[in-house]
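The block underneath contains the structure these notes are about, expressed in structure tokens.
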Amino acid sequence: MAEEAKTRGNAAFSAGDYATAVEHFTDAIALSPTNHVLYSNRSAAHASLHHYADALKDAKKTVELKPDWSKGYSRLGAAHLGLHQIQDAISAYKKGLEIDPNNEGLKSGLADAQAAASRNRAAPPPSLFGNVFSGPEMWTKLTADPSTRMYLQQPDFVKMMQDIQKNPNNLNLYLKDQRVMQAIGVLLNVKLGGPNSGDDMEIPEETFTPQSSASERKEDKKMEEEKVAEPEPMEEVTGEEKEAKERKAQAVKEKELGNAAYKKKEFEKAIEHYTKATELDDEDISYLTNRAAVYLETGKYDECIKDCDKAVERGRELRSDFKMIARALTRKGTALVKMAACSRDYEPAIETFQKALTEHRNPDTLKKLNEAEKAKKDLEQQEYFDPKLAEEEREKGNESFKQQKYPEAVKHYSESLRRNPKDPKTYSNRAACYTKLGALPEGLKDAEMCIELDPTFSKGYTRKGAVQFFMKEYDKALETYQEGLKHDPRNQELLDGVRRCVEQLNKASRGDLSPEELKERQAKGMQDPEIQNILSDPVMRQVLVDFQENPKSAQEHTKNPMVMSKIQKLVQAGIVQMR
């Protein structure tokens, strides 16, 4: 299973679908958590997505599991380099080259890291505000602060902030805009204006102009010191803000009451409390997902799905935690599974679980997805079940077999088994086809399934014995025919099979095999685990020595039926010859 997931991951990586590759490698790691190659592959996929922190974590795990594997250090160096940890990258590449001095990948990586180190030494100092505008944290802070939240509804402001985020040096272009100044204050956690500052207030350009004279800068510094000494006025809280805070606090209390009612299985009360919470505060989607959980518990699946859809939609508007959105999707998928009445009904549930996993890779969601896929497959098989159509396909297969159209017969028999997978006769017929086509392993598998479904069906034993005979496993074929005779003692096919096997086995006992036949039989016998166990048994090795060198002891051994049974197996395999 881990190898299959790894193969899928490699295929996705080769196709440039790095996110899917990460998912498959993660599944493989869950099945084989000590396989260093899997961590190495996932590290490469993370690095291709520029998720260098995750790539570094996997690279470190690779080196931990396999310290003498040079590729692990190549992954480690690449991750450090992506995080601009230049000296760590150089150290990793050098460590790898100590293990494999001729590795071109490590040499190339070291050269890149050293070049980056040279560039860093010559690079100008970073922008003063550069880190403030990086990453999604900027938008989170602006959304959370009441003074800047309204600006995010204004396209020109969003465009300016995106431009600054791309290149912090563009900040000077927008310093005249009071909204940008307000945003800088929020991002730096400082107050850039007085309590009465508004949209009509203009910030002098000289305040942030680097060309200001020394005297001006000195004066500015003096003014700043004076401002620090002044007591800062208390921030005024508007009635609206106060009311909003009170509503949020009340919503949290309603949620707690809903949780308590849910634990007591007072579901109607829980719904009432969660509903009040959503009415008081529509910016917390947990109230919706909690109410959806109650609907799910009480079997109101349509209401559950509506709440989950609303939670996902609102969550995306608010840029809520991806785990919360994943929870809503998982809950919706669970409701869809509960409502499923046929195999097709599982398709939207499976799709919903897959969406949830793209938001957050949760083991519980993955388990639910696997269960839904299995249930869909089982239902498809049940819906396809039709003994009447299966019998029609079997008859078509019989006609093709009589006409020696064996591949066509196999096709009809296979369709028959899809319609009715519990019919031993069809397995027997397909086994005969495979034998004619020389596909002996497939024929043996079908014959064994035939016997498993109906141990009294003699045809199963004749099919299995015939396959084993063609595979020149005469001792095993003999056992199969003899087992069949226990259920049908007068069956002529089974009796003929026993006779043919005995003839072949006697040829080996009499030494009538040609050198080529003997060599072939010995080679096949040495591959048999039972023969290997006999030859590796110290007692049997001594018995064989006694047969060659000590006739008196050999005579005693012949009285032991277990020893003689093993000797007979070695004779039949051509390993030992009795003279």
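The values are calculated or read from the model by the stated rules, or taken from the named source; none is laboratory data. Computed from a predicted structure; not experimentally measured. Note: ideal-geometry Cβ built from the backbone for every residue, glycine included; neighbour counts use all protein chains shown. Just so you know, the surface numbers come from the protein's heavy atoms only, side chains and all, with ligands and any DNA or RNA stripped out. Shrake-Rupley method; radii C 1.70, N 1.55, O 1.52, S 1.80 Å.
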- Task: Excluding residues fewer than 8 places away in the same chain, name every one of the aspartates and glutamates whose C-alpha is closer than 15 Å to that of residue 411.
- Result: 391, 392, 393, 395, 399, 442, 446
- Item | Principal axis dimensions, largest first and in whole angstrom, of the range 327-445 by Cα | 59, 29, 19
- Query: Among rounded, prolate and oblate, which fits the range 271-331 when a ≥ b ≥ c are the square roots of the eigenvalues of its C-alpha gyration tensor, a/c under 1.5 means rounded, and a/b larger than b/c means prolate?
  - Reply: oblate
- Sequence-separation-based contact order of the range 251-365, relative, with Cα cut under 8 Å and 6+ spacing, percent: 18 percent
- Query: Taking the Cα atoms only, what angle lies between the long axis of helix 406-419 and the longest principal axis of the chain, rounded to 10 degrees?
  - Reply: 60 degrees
- Query: So how much accessible area does residue 539 have, in Å² to the nearest 10, using a 1.4 Å probe?
  - Reply: 100 Å²
- Task: Any chance you could tell me what percent of the C-alpha pair distances in the chain go past 47 Å?
- Result: 50 percent
- Message: Checking the a/c ratio against 1.5 first, then a/b against b/c, what shape does the Cα gyration tensor give for the range 412-482?
- Response: oblate
- Once you have the Cα-Cα distance between residue 165 and residue 523, take 0.36 nm times their residue separation minus that, and quote the gain in nm to one decimal. 121.7 nm
- Message: Straight-line reach only, C-alpha to C-alpha below 24 angstrom: list the lysines that residue 242 could link to, leaving out same-chain residues fewer than 8 apart.
- Response: 141, 191, 253, 255, 276
- Does the range 72-113 come out rounded, prolate or oblate by the C-alpha gyration tensor, with a ≥ b ≥ c the root eigenvalues, rounded set by a/c under 1.5 and, if not, prolate when a/b is larger than b/c and oblate if not? prolate
- Here the relative contact order (percent) of the chain, from C-alpha pairs under 8 Å and at least 6 apart, is 4 percent
- Got a number for the accessible area of residue 286? Probe 1.4 Å, square angstrom, nearest 10. 10 Å²
- If you roll a 1.4 Å probe over the heavy atoms of the protein chains, what accessible area per residue do you get for the chain, in Å²? 61 Å²
- Message: Straight-line reach from residue 559: which aspartates and glutamates fall under 12 Å, measuring Cα to Cα and dropping same-chain residues less than 8 apart?
- Response: none
- Task: With an 8 Å cut-off on Cα pairs and a minimum separation of 6 or more residues, tell me the relative contact order of the range 385-521 in percent.
- Result: 15 percent
- Message: Strictly greater than 16 Å: what percent of every Cα pair in the range 5-95 meets that?
- Response: 48 percent
- Message: Quick one: 3J(HN,Hα) in Hz for the range 463-471, Karplus 6.51/-1.76/1.60 with θ = phi - 60°, rounded, Gly and Pro as x.
- Response: 5, 5, x, 5, 4, 5, 5, 5, 7
- Task: Express in nm, to one decimal, how much length is gained between residue 137 and residue 533 on full extension, taking 0.36 nm for each residue of separation and deducting their alpha carbon distance.
- Result: 135.9 nm
- Item | Estimated [θ] at 222 nm from DSSP helical runs (n ≥ 4, -39500 (n - 2.57)) normalised by residues in the chain, nearest 500 | -24000 deg cm²/dmol
- Item | residue 399/residue 503 FRET efficiency (R0 25 Å; Cβ-Cβ; nearest 0.05) | 0.10
- Which pairs in the list 245/265; 166/355; 57/176; 374/445; 338/422; 264/306 are over 32 Å apart, alpha-carbon to alpha-carbon? 57/176
- Message: For a protection proxy built on the mean count of beta-carbon atoms within 10 angstrom, sort 374-382, 477-485 highest first, please.
- Response: 477-485, 374-382
- If 139, 69 are ordered by their accessible area, calculated over protein heavy atoms with a 1.4 Å probe, which sequence runs from highest to lowest? 69, 139
- Measure off 7 Å from each Cα along the Cα-to-Cβ vector at residue 318 and residue 264, then give the distance between these two points in nanometres to one decimal. 2.7 nm
